[in-house]
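Visitor: For reference, the structure I am asking about is given below.
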Amino acid sequence: MNQFTINNQLPTPKRTICLVLLVLLVVGCVQRDVRHRANAIVDRAAMPALEGEQVTTLISDSGITRYRITSNKWLVFDKADTPYWEFPMGIYLEKFNVNLEPEATIEADYARYNEPAQRWMLCGNVKALNLKGERFETPLLFWDQQSESVYSDSAIVITRETSIIKGVGFRSNQSMTQYTILRPTGSFPIKE
C-alpha cells in the first residue's frame, strides 16, 4: 500500500477555503470575460469597427483635398443602424477651397458625424473661423454637407474686426461668409 504525504504549511480547513476562493475567483473572471465577448458579438453596432488615437487625415472629393481632420480619438461605428463617426475627445477641422487654402476652420470638444446624412454635430466650446477672419463661438453647431449649410439654435457670439455680434440661433453657408443671426442682441455699429 502506497502512502502519499502532502507537505503543506496550511492546515487542511484553511487550504480548502483558499482553494474554494481561488476557484470562485477564476470562474467569476472567466464568466465575466465570456459575457463581455458574447455581448460584443451580439451587439456589434455598439462596438467601433475602427478606433484611432492622435489622428490626422485628409478627405478628398473627386481627387481634390477638401478637409483635414485632427483628433485625439476617432471612433467609427459602421455597423450601427445609422453609421456614424464619433470624436469623444474633440476635433479640429479645416475646410479647403480648390487652391488648397483654408476656407474655414472649426474646433469643438466633441463631434459626431452621421455618414448617410452627411451631417456634423459639434458640441462644447465650438469655435469657427471663416475666410474673412470672423470668429464664431457657440456651444452647439450643426453642419449639413448636403445642403452646404451651417446652423445652430444656441447662443452665438461673432467677433468681427470692428464689432461683436451676439444672438441666439443662426444660419449660414458652409464657408460661414453669408449668415443670418435669428435673434440678435447687443450693439451694432452703423455707418452714416
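Matching residues to (1) farther than 25 Å from Asp61 by Cα; (2) out of contact with any helix residue (DSSP H, G or I) (no Cβ under 8 Å at 6 or more places or on another chain); (3) at pLDDT 95 or above; (4) of a type outside the set (A, V, I, L, M, F, W, C):
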position	(1), (2), (3), (4)
Asp109	yes, yes, yes, yes
Pro116	no, yes, no, yes
Gly124	yes, yes, no, yes
Ala128	no, yes, no, no
Glu134	yes, yes, no, yes
Phe170	yes, yes, no, no
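Visitor: Right, another one. Is it true that Glu101 is over 18 Å from Glu53 (Cβ atoms), in contact with a Leu (Cβ under 9 Å, 6 or more places away or on another chain) and not hydrophobic (A, V, I, L, M, F, W, C)? Before you say what the answer is, go through the steps one by one.
Guide: Details: over 18 Å from Glu53 (Cβ atoms): yes; in contact with a Leu (Cβ under 9 Å, 6 or more places away or on another chain): yes; not hydrophobic (A, V, I, L, M, F, W, C): yes.
So Glu101 passes the test.
Visitor: For segment 137-155, state whether one or more residues are in the same structural domain as Arg68 (by TED's automatic domain parsing), farther than 28 Å from Lys73 by Cα, more than 13 Å from the chain's Cα centre (by Cα) and not β-branched (Val, Ile, Thr).
Guide: No: segment 137-155 contains no residue that is in the same structural domain as Arg68 (by TED's automatic domain parsing), farther than 28 Å from Lys73 by Cα, more than 13 Å from the chain's Cα centre (by Cα) and not β-branched (Val, Ile, Thr).
Visitor: While we're on this one: For Asp61, state whether it is touching a helix residue (DSSP H, G or I) at 6+ places or on another chain (Cβ under 7 Å), under 21 Å from Asp144 (Cβ atoms) and charged (D, E, K, R).
Guide: Details: touching a helix residue (DSSP H, G or I) at 6+ places or on another chain (Cβ under 7 Å): no; under 21 Å from Asp144 (Cβ atoms): yes; charged (D, E, K, R): yes.
No; evaluated as a whole, the condition is false for this residue.
Visitor: Which residues, counting only those in segment 66-98, are surrounded by fewer than 13 Cβ atoms within 10 Å (Cβ to Cβ) and modelled with pLDDT under 85?
Guide: Filtering segment 66-98 down to residues surrounded by fewer than 13 Cβ atoms within 10 Å (Cβ to Cβ) leaves 81-82, 98.
Scanning segment 66-98 gives a single hit, Val98.
Visitor: Report, ordered by the first and then the second residue, all pairs with beta carbons closer than 7 Å, sequence separation of six or more or different chains, a first member in segment 153-174 that is closer than 16 Å to Gly133 by Cα and of a type outside the set (Phe, Trp, Tyr), and a second member that is at pLDDT below 90 and part of a loop (DSSP other than H, G, I, E, B).
Guide: Sorted first by the residue in segment 153-174, then by its partner, the pairs are Glu161/Gly133; Thr162/Pro189; Ser163/Phe188; Ser163/Pro189; Ile164/Gly186; Ile165/Gly186; Ile165/Phe188.
Visitor: Could you please find all residues in segment 59-101 being small (Gly, Ala, Ser) and assigned to a strand (DSSP E or B)?
Guide: From segment 59-101, those small (Gly, Ala, Ser) are 60, 62-63, 71, 80, 90; that's our starting set.
Correct list: Ser60, Ser71.
Visitor: Return the residues of segment 152-168 that are modelled with pLDDT of 90 or more, within 23 Å of Pro102 (Cβ to Cβ), of a type in the set (Ser, Thr, Tyr) and surrounded by fewer than 18 Cβ atoms within 10 Å (Cβ to Cβ); say none if nothing qualifies.
Guide: Thr159
The values are calculated or read from the model by the stated rules, or taken from the named source; none is laboratory data. These numbers come from a predicted model, not from an experiment. Reconstructed Cβ throughout: ideal geometry from the backbone, glycine too, with neighbour counts over all protein chains shown.
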